[in-house]
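Here the structure is laid out as structure tokens; the discussion comes afterwards.
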Protein chains: 2
Amino acid sequence: MSGTHTDVPSVLAHELPRPVPADEFAACPVGEVFRRVGDKWSMLLVILLGGRPHRYNELHRAVEGISQRMLTRTLRTLESDGLVHRRVHPTVPPSVEYSLTPLGRSLLEPVSALADWAVRHEAEINASRARYADAPFGRPDAPVSDPAVR
Amino acid sequence: MSGTHTDVPSVLAHELPRPVPADEFAACPVGEVFRRVGDKWSMLLVILLGGRPHRYNELHRAVEGISQRMLTRTLRTLESDGLVHRRVHPTVPPSVEYSLTPLGRSLLEPVSALADWAVRHEAEINASRARYADAPFGRPDAPVSDPAVR
DNA sequence: CCGTATCCGATTTGATACTG
DNA sequence: CAGTATCAAATCGGATACGG
């Protein structure tokens, strides 16, 4: 957790009443959270659970593409971070309900803003990518095979 | 990229004048963007460039921990997505200036909101993690015990 | 100064099969 | 229904060396 951090301009300062010190802002917590947010399924699940609680298989069907392994793993991580609550009903067969904690709900807002941005600018991004992929120029070097760029 | 999508509740609907159709919202663009946001360096660079344009080695020194490979790769991806502009001054020795495009600047806002959330709730997350790691119970399997406790 | 090429270990993810 | 176990594949990321 500790260790390296970087010199970061006060991007957030514009409306922080008690502005976060740049040093505190640095890579550590932000990087952590961005990586959690950035993994393939976490925020999708948070958004889903933001709508209403879901049962395990409900999530599995809703996401449709996620493996059981990843669904379970992601939910566990979210739970350990205090974003998701797991409630087991001791019925038979068992049923488990996942829901957002208050902390999870608070995350929903910034995440929704980002999701909103993604939706609004999807086309621009794709256009830019296509343009970049096409252009033999526009990139520093070669038209010859280069598998390194995705 | 087109294929699978998920059933998503209208989390964002609360203030979307022309609400994004749930189908459009789905996993595809959001997942893409979240993964970009979540990779180790992208958003750090976006935030850095949000402060002011930087030259290559300036970034390299500022981030301090990133390898040349990853710096270049990340910048290229950002460029291909249309978030970052790369300007080459044909001097000798060469100098290259990276800056945010308008699209990149627009991303800065939701990202800052998320970064802000991260800073504000870091402690809660860590506390929750520690609690979860400690507890022999609180986790589904656990050694030997009653699974039906809250 | 601004990169690229190559190698290699670490981490993440998916497919599949099995269980209380 | 709600998971766990195991294996293999893809991807990520860093170190190092070299090039225009």
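The values are calculated or read from the model by the stated rules, or taken from the named source; none is laboratory data. Here the structure is a predicted model, which is why all the values come from computation and not from measurement. Cβ coordinates were reconstructed from backbone atoms using ideal geometry, including for glycine residues, and neighbour counts include every protein chain displayed. Keep in mind that these areas ignore ligands, DNA and RNA; they rest on the heavy atoms of the full protein, side chains included. Shrake-Rupley method; radii C 1.70, N 1.55, O 1.52, S 1.80 Å.
Each copy carries a label point for B:R87 at 7 Å from Cα along the beta-carbon vector; from one copy to the others these points are 5.6 nm apart, nearest first.
Select from the range B:31-75 those GluC sites (Glu not before Pro) which occupy a DSSP coil region and have at most 15 other Cβ atoms within 10 Å, ordered by residue number. Walk me through the intermediate numbers first.
Details: sites: B:E32, B:E58, B:E64; in loops: B:E64.
Of the GluC sites (Glu not before Pro), the ones in loops of the range B:31-75 whose Cβ has at most 15 other Cβ atoms within 10 Å are B:E64.
Averaged over the residues of B:49-55, the number of partner chain Cβ atoms lying within 10 Å of the residue Cβ comes to 2. Take the accessible area of A alone and of B alone, subtract that of the pair with a 1.4 Å probe, and the total buried over both chains is about 6000 Å².
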